[in-house]
Amino acid sequence: MSKIKFVEANGDVSFRELDSSVLQDFQLQKKLLYTMKLARAFEEKANELYATGFIHGTLHLGIGQEAAAIGSTAAMALEDKILITHRGHLEAIGKGMSIASMFSELLGKESGASKGYGGSMHMIDPTKGILHANGIVGANAPLSCGIALALKKQKKVAIATCYLGDGAMNEGAYSESLNLASLWKLPVVFATVNNKYGMSTPIHKSHANTDLAQRGIAFNLPTIDIDGNCVLTVCSAMKLAREFALKNQPVILILNTYRISGHSRSDKNRYREDSEILDWKKRCPIKRLENSLLEQKQINQVDIEKIDLKIKNEINSAVQAAQLSELAKEIQW
Amino acid sequence: MVRKLSIRLALREAMRQEMENDETVFIMGEDVGVYQGVNQVTGNLVYEFGSERVMDTPISETAFLGAAVGAAMQGLKPIVELQVADFISVCLDPLLNQAAKIRFMSGNQINVPMVLRAAFGAGLGAAAQHSQSLEAFFCHIPGIKVVMPATAYDAKGLLISSIRDTEPIVFLEPRALYSDESKVPIMPYTIPLGKADVKRKGKDISIITYGSMLPVCLELSFILEKNYQIDCEVVDLRSLQPLDTDAILNSVAKTKRVIIVHEAVQFAGFGAEIAAHISQTDLIYELKSPIRRVGAKFTPIPFAKHLEESTLPQLKNLLTEILAMFELT
Ligand SMILES: Cc1ncc(C[n+]2csc(CCOP(=O)(O)OP(=O)(O)O)c2C)c(N)n1
Ligand SMILES: [Mg+2]
């Protein structure tokens, strides 16, 4: 298990142990396993529905990034707010959004989360604290400052977490927001899902400084930089980040992972070697937790089969419900 | 009680009264605090409400306009001041792709009750990047309302309505008219958005206008009556989105002549939208003269006073246009 790399606002680096409550809580770990598997199955099913012509538009899948999404959302309270990206299915599921309403949304049904007006990129559910799912790269950052500002003014014990990608770090909105959050001491975490690419462009071709953990130093912000494929590390790190944010100390959290799926349906994989993808498939975050639980004899093969079957049924009944429900109506506008 | 107030003070009074009335209302923007606002609109509010509710921001329009959108999503009612509307260029995303879309793409789950106040317009020698009239551009974005008062009375009532509204609002303040005074009641009052106001009743021609050209149009109608016995009706739209098409059509149905006047460049200006509304009805067959519209020349705003003046719609040009409509030239 990897440690948590902590970069102080002044650049000093230290390493912290994982949260013992996460390491010892096997109930939590089994739940993490279940949710990661559910999220993976959701995306695989969505992909299948797309390929067979049931879903209109495009899909941005996060296959391979489950630990970053599920580990971080698991460390939040229901009252915490998140803003997710164009690749937001996983975080939405992690924050508790119903997969039935998500499938309905993808199929353009009235029972969809946004009644068919959002779609794959805009899975929004304020009842779960999912306030925005943004198709504009980097645009979550300023909004999350405002949500955090409101939470602070309202004296709520809650934080805002702004999800964004490695590519989004090069948007002006991101830098402006780091400055504002730091200046105004806002309860916000900038959860940066570093999946190594922004579409086809790798970090070394887009970032003048490829050490993403140094960006915060310029804004007097601490950064937590971790193995985003280890869900227990992610969960521990997000807990730490949340504690800081609750004390009005904004934090950058860098979740280093890899996108196994293509960028979107248009991706022909012209920018990376198959061997690289294969290598990361071996580092699958779901298998990693599963193996760890097997080794520690917290689950056995029969349990795994039961989980997989339960998920299959859950997915199938959600899809069925979505398919049976009526088409979305014209919105009151 | 009613007394005379400038547009500037009427706006300040509206904000003060709404901030007293609703603790979720707050102001943010560049130099809105001790500097008292670049246009002196926020004035002493920072001393009355403190810097937590009259928040100075860094020169980071994307961050603070975006933060206002976020705060509105989370239940507050921000009033954001953009020093001049021209600066929307550096922070368009929070307005165009965020505020305007969030209620829609969340399937009506989340509102964005925010007011973006911005001064607009030329006449002050501020040159090409601090003088534009961009209302048509804002009106082309479904999901926001566009409000443009031209008098102190309207400024107060429309700003209070805008703050109380649940939608994102672009509130454009005619920069050249900040010191213009009119009678304003001391008590809070609202003016419904989407209701035009006939500023002068008349029977011979409808002058449809809004914002900074209202005083010019009123002066023009005075001259036309005095020197040519032409009785003008001046319709002040006050808000462009929603648009009071009934008021436009009712006036034109009565006068059978119409000219549309705005400070923004004429080409692809909001006047084209108004002209289209009229020409899509049977009124088009009753008109005694083709619809005319007058806006600025299609150039950026120049600096030198005489050049700036010749770019904008001038009283003498308007007079010529209208006399031509009565075949008096
Ligand atoms: C402002 C903006 N520019 C470009 C795009 C097109 N686009 C969509 S996703 C994407 C890549 C984003 O990369 P990253 O932030 O790393 O997120 P990832 O897709 O890897 O999850 C691009 C360029 C966009 N949606 N918004
Ligand atoms: Mg990326």
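Checked against the criterion of being within 28 Å of residue A:330 (Cα to Cα), surrounded by 23 or more Cβ atoms within 10 Å (Cβ to Cβ) and in contact (Cβ under 8 Å) with a residue 24 or more places away in the chain, the candidates A:71, A:88, A:94, A:119 yield just one match: A:88. For residue A:218, the test of being of a type outside the set (Lys, Arg), away from ligand 1 (no atom under 11 Å from the Cβ) and part of a strand (DSSP E or B) is failed. I'd like to know if the stretch B:127-138 contains one or more residues that are at positive phi and assigned by TED's automatic domain parsing to the domain that holds residue B:112. Yes, the stretch B:127-138 has at least one match.
One line per residue, one yes/no per condition, for (1) under 15 Å from the mean Cα position of the chain (by Cα); (2) of a type in the set (Asp, Glu):
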residue	(1), (2)
A:80	yes, yes
A:101	no, no
A:107	no, no
A:118	no, no
A:140	yes, no
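Against the numbered list (1) of a type in the set (Ser, Thr, Tyr); (2) part of a loop (DSSP other than H, G, I, E, B); (3) assigned by TED's automatic domain parsing to the domain that holds residue B:87; (4) closer than 26 Å to residue B:71 by Cα, residue B:161 comes up short only at (2).
So that you can scan it fast, the table gives a plain yes or no per residue for (1) within 25 Å of residue B:162 (Cβ to Cβ); (2) aromatic (Phe, Trp, Tyr):
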residue: B:245; (1), (2): yes, no
residue: B:252; (1), (2): no, no
residue: B:267; (1), (2): no, yes
residue: B:270; (1), (2): yes, yes
residue: B:276; (1), (2): no, no
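Can you find even one residue in the stretch B:51-58 that is over 30 Å from residue B:186 (Cβ atoms) and at pLDDT 95 or above? The answer is yes, given that some residue of the stretch B:51-58 is over 30 Å from residue B:186 (Cβ atoms) and at pLDDT 95 or above. Taking the stretch A:171-205, which residues are assigned to a loop (DSSP other than H, G, I, E, B) and in contact (Cβ under 8 Å) with a residue 40 or more places away in the chain? The answer is A:185, A:186, A:187, A:195, A:196, A:199, A:200.
Yes or no, residue by residue, for (1) in contact with a Lys or Arg (Cβ under 8 Å, 6 or more places away or on another chain); (2) crowded, with 20+ Cβ neighbours inside 10 Å; (3) not in a strand (DSSP E or B):
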site	(1), (2), (3)
B:132	no, yes, yes
B:138	no, yes, yes
B:166	no, no, yes
B:190	yes, no, yes
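Just wondering, is there one or more residues in the stretch B:112-126 that are within 13 Å of chain A (Cβ to nearest Cβ), at pLDDT 95 or above and open to solvent by 10 Å² or more (accessible area, probe 1.4 Å)? Among the residues of the stretch B:112-126, at least one is within 13 Å of chain A (Cβ to nearest Cβ), at pLDDT 95 or above and open to solvent by 10 Å² or more (accessible area, probe 1.4 Å), which makes the answer yes. Is it fair to say residue B:283 is within 25 Å of residue B:153 (Cβ to Cβ) and out of contact with any strand residue (DSSP E or B) (no Cβ under 6 Å at 6 or more places or on another chain)? Answer is no for this residue.
For the stretch B:73-95, the criterion of being more than 7 Å from chain A (Cβ to nearest Cβ), more than 18 Å from the chain's Cα centre (by Cα), under 16 Å from residue A:124 (Cβ atoms) and in a helix (DSSP H, G or I) is satisfied by no residue at all.
No other residue among A:290, A:276, A:305 is within 15 Å of ligand 2 (Cβ to nearest atom), assigned to a helix (DSSP H, G or I) and acidic (Asp, Glu) apart from A:276.
Looking at the stretch A:178-201, which of the residues that are open to solvent by less than 10 Å² (accessible area, probe 1.4 Å) and of a type in the set (Val, Ile, Thr) is nearest to ligand 2 (Cβ to nearest atom)? Step by step, filter the stretch A:178-201, then rank; the result is A:192. Within this structure, residue B:42 fails the test of being at pLDDT 95 or above, within 19 Å of residue A:142 (Cβ to Cβ) and not acidic (Asp, Glu). Scanning the stretch A:136-162 for residues that are facing chain B (nearest Cβ under 8 Å) and either free of Cβ contacts under 8 Å to residues at least 60 places away in the same chain or open to solvent by 10 Å² or more (accessible area, probe 1.4 Å) (or both) returns A:136, A:139, A:141, A:142, A:145, A:146, A:149, A:150, A:153, A:154. Could you list, ordered by first residue, the pairs with Cβ atoms under 8 Å in which the first is in the stretch B:306-320 and over 12 Å from residue B:295 (Cα atoms) and the second is outside any helix (DSSP H, G or I), at least 6 apart or interchain? Short answer, once both residue conditions are applied: B:308/B:122; B:308/B:123; B:308/B:125; B:308/B:131; B:308/B:301; B:308/B:302; B:320/B:329.
Here A:332, A:301, A:320 are screened, and the one residue that is at pLDDT below 95 and of a type outside the set (A, V, I, L, M) is A:332.
The values are calculated or read from the model by the stated rules, or taken from the named source; none is laboratory data. Computed from a predicted structure; not experimentally measured. Methodologically, a virtual Cβ is constructed for each residue, glycine included, from the backbone with ideal geometry; neighbour enumeration extends over all protein chains shown. Accessible surface is based on the protein model in full, side chains and every heavy atom, while ligands, DNA and RNA are left aside. Shrake-Rupley method; radii C 1.70, N 1.55, O 1.52, S 1.80 Å.
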